[in-house]
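Here is the structure we will look at.
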Amino acid sequence: MSDPVLAIETSCDETAAAVVDGRRILSNVIASQAELHAVYGGVVPEVAARHHLTTVNAVIDRALDDAGVRLDQISRIAVTRRPGLIGALLVGVATAKALAYATGKDLVLVDHLHGHIAASWLQPVALDPPFVALTASGGHTRLDLVHDYASPQLLGQTLDDAAGEAIDKGARLLGIPYPGGPGLEALAREGDAGAFRFPVGLKSRGPGFDFSYAGVKTALLYAVRDLGDDGTLARRADLAASYQEAIVRPLADRLMRAAEVHGVPAVSIGGGVAANGRLRELVTQGAADRGLTVAIPDRLLCTDNAAMIAAAAAFTPVIPWPDYVGEDAIATAPPGGIAA
Ligand code: KG4
Ligand code: ZN
């Protein structure tokens, strides 16, 4: 073992810790709070922060145990600093700072979106640049040109809702509990994706790489209203399949087009929506048709996790002990989207 990093992620509703050595994941522990939030239909920030606080130490202990690594063997600590729910982020940042300070270790403050892109750097995917990265999560939807993992360049992003947000809101209209993605995908498998024609955002906008999901969400709302309760119940699977298709197809199409326009030989996907089987299928097929290399990380590395934070930390400046004591969590993304 050469250089094991302990990483902590608490930006939303997963309390996660991982030990990663170079590109090799030694452990990847994720304690999801999803069930706690399901009764409210979405993440309640205060509930998330409190739960991170009660869980984070046990999750870190488990990550070290699973990796078979002692804290004194860890070379540095990485933590998600931004963007996310501020109370949730604070728990991770305060924990990481305290642990690093008390053990004399250096700290790396990581951007969550950088983590989603860097997940493709990890084994067994281990993709090397150049490539175009699609990141589609609950809070963000974007394409980046990656010539260097240290500095992804934004090509386009959603102008309104994120893909995951549209999925969660649409799922809710169909009576699927939060988080809607897995439930919508399961229901969609039983339906016909061509049954309803939902609009594809920005289809006519030419060469850009931006996304829009407000229109498709509204179209589902109107369809459900027109069908009424009984009609919606009878057509739930068709609605789910058509809606899922209207969300994931533009993601795959623009990813392929961006790779062609920028002349890169590879594409990657990341973020919670990249766990979607239909998106994975479309991207695999699209890449095969064009002779592109495709990086599709394991589903657990697409949804929020700490291994991806360790990966991004490999491309983020290290803050030496104890210069980080005044550093803080930040709720927002910086202009341009990713802070290195
Ligand atoms: O990256 P992530 O875990 O958290 C954020 O950074 O937001 O993404 C969460 C999003 C949620 O909107 C969730 O419904 C969606 O990813 N998601 C999925 C699937 N699994 C999770 N969407 C579609 N299909 C899935 N299988
Ligand atoms: Zn995420």
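Within the stretch 116-148, if we keep just the residues that are within 23 Å of Gly208 (Cα to Cα) and among the hydroxyl-bearing types (Ser, Thr, Tyr), the residue that is farthest from ligand 1 (Cβ to nearest atom) turns out to be Thr141. Which one of these is away from ligand 1 (no atom under 16 Å from the Cβ), in the same structural domain as Gly272 (by TED's automatic domain parsing), under 24 Å from Ala331 (Cα atoms) and open to solvent by 50 Å² or more (accessible area, probe 1.4 Å): Leu154, Leu221, Leu227, Leu233? One residue alone meets the criteria, Leu154. The sole residue among Gly215, Gly277 that is surrounded by fewer than 19 Cβ atoms within 10 Å (Cβ to Cβ), touching a residue at least 60 places away in the same chain (Cβ under 8 Å) and under 30 Å from Ser11 (Cα atoms) is Gly277. Being assigned by TED's automatic domain parsing to the domain that holds Ser151, more than 12 Å from ligand 1 (Cβ to nearest atom) and modelled with pLDDT of 95 or more holds for only one residue in Ala275, Ala307, Ala329, Ala287, and it is Ala287.
Would you call Asp168 open to solvent by less than 30 Å² (accessible area, probe 1.4 Å), within 16 Å of ligand 2 (Cβ to nearest atom), within 17 Å of the chain's Cα centre (by Cα) and closer than 19 Å to Gly270 by Cα?
no
Restricted to the stretch 15-36, and to residues there that are modelled with pLDDT under 95 and under 18 Å from the mean Cα position of the chain (by Cα), the residue that is least open to solvent (accessible area, probe 1.4 Å) is Gln33. Just one residue in the set Val248, Val264 is in a helix (DSSP H, G or I) and either of a type in the set (Phe, Trp, Tyr) or in contact (Cβ under 8 Å) with a residue 24 or more places away in the chain (or both); that residue is Val248. Specify the residue that is farthest from the chain's Cα centre (by Cα); the eligible residues are those in the stretch 219-259 that are within 22 Å of Leu279 (Cβ to Cβ) and hydroxyl-bearing (Ser, Thr, Tyr). In this case the residue turns out to be Ser242.
Tallying residues that are open to solvent by less than 10 Å² (accessible area, probe 1.4 Å), away from ligand 2 (no atom under 16 Å from the Cβ) and part of a strand (DSSP E or B) within the stretch 91-142 yields 4. Among the residues in the stretch 181-201, are any within 16 Å of ligand 2 (Cβ to nearest atom), surrounded by 14 or more Cβ atoms within 10 Å (Cβ to Cβ) and not in a loop (DSSP other than H, G, I, E, B)? Taking every residue of the stretch 181-201 in turn, at least one turns out to be within 16 Å of ligand 2 (Cβ to nearest atom), surrounded by 14 or more Cβ atoms within 10 Å (Cβ to Cβ) and not in a loop (DSSP other than H, G, I, E, B). Scanning the stretch 69-90 for residues that are away from ligand 2 (no atom under 15 Å from the Cβ) and either crowded, with 24+ Cβ neighbours inside 10 Å or more than 22 Å from the chain's Cα centre (by Cα) (or both) yields Val69, Arg70, Leu71, Asp72, Gln73, Ile74, Ser75, Arg76, Ile77, Ala78.
The values are calculated or read from the model by the stated rules, or taken from the named source; none is laboratory data. Every value quoted in this text rests on a predicted model; they were computed, and no experiment measured them. Positions of Cβ are generated from backbone atoms using ideal geometry, with glycine treated the same way; all protein chains shown enter the neighbour counts. Ligands, DNA and RNA are stripped out before the accessible areas are found, and what is left, the full protein with its side chains, is counted by its heavy atoms. Shrake-Rupley method; radii C 1.70, N 1.55, O 1.52, S 1.80 Å.
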